[in-house]
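Rule-based calculations on the coordinates, nothing more; no lab input. As the structure is a computational prediction, the values presented were derived from the model and not from experiment. Here Cβ is always computed from backbone atoms with ideal geometry, including for glycine, and neighbour counts include all displayed protein chains.
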Amino acid sequence: MKILLTGASGFVGGNILPELSKYYSNIKVFEGDVRNKNDVEKAVEGIDCMVHAAAIISGTDEETFDVNF
């Protein structure tokens, strides 16, 4: 199973990554902007499961919604 993880450089994603690594060897860390459709479409090619841990806690309501949801 190929897994994509967003937010691996943050607190939550940084803790999820080593746990996933215990059970799965094929983990891809998302690099790009989760608000950018092209970045996301390129990243999900061939992915079986995505763990979305990217988030922001400050910003406009629109930015917060775009990233967190």
TODO: Output the relative contact order of the chain, whole-number percent, from Cα pairs under 8 angstrom with separation of 6+ residues.
DONE: 41
TODO: Within the chain, list the GluC sites (Glu not before Pro) lying in a DSSP loop whose Cβ has at most 11 other Cβ atoms in a 10 Å radius.
DONE: GLU31, GLU45
- [ ] Rounded to whole Hz and in sequence order, give me ³J(HN,Hα) for region 43-48 from the Karplus expression 6.51 cos²θ - 1.76 cosθ + 1.60, θ = phi - 60°, writing x for Gly and Pro.
- [x] 5, 7, 4, x, 8, 8
Task: Modelled FRET efficiency - R0 35 Å, VAL12 with LYS37, Cβ distances, 0.05 increments - done: 0.90
Task: In nm, spacing of pseudo-spin labels at LYS2 and ASP61 (7 Å Cα→C-beta vector) - done: 3.9
- [ ] Would you mind checking the tilt of helix 11-23 against the longest principal axis of the Cα atoms of the chain, expressed as 0 to 90 degrees and rounded to 10?
- [x] 20
Open item on the list: Can you tell me how the chain classifies by the Cα gyration tensor, rounded, prolate or oblate, using a/c under 1.5 as the rounded cut?
Closed with: oblate
TODO: Could you calculate the contour length gain from PHE69 to VAL44, that is, 0.36 nm times the residue separation minus the distance between their Cα atoms, to one decimal place in nm?
DONE: 7.3 nm
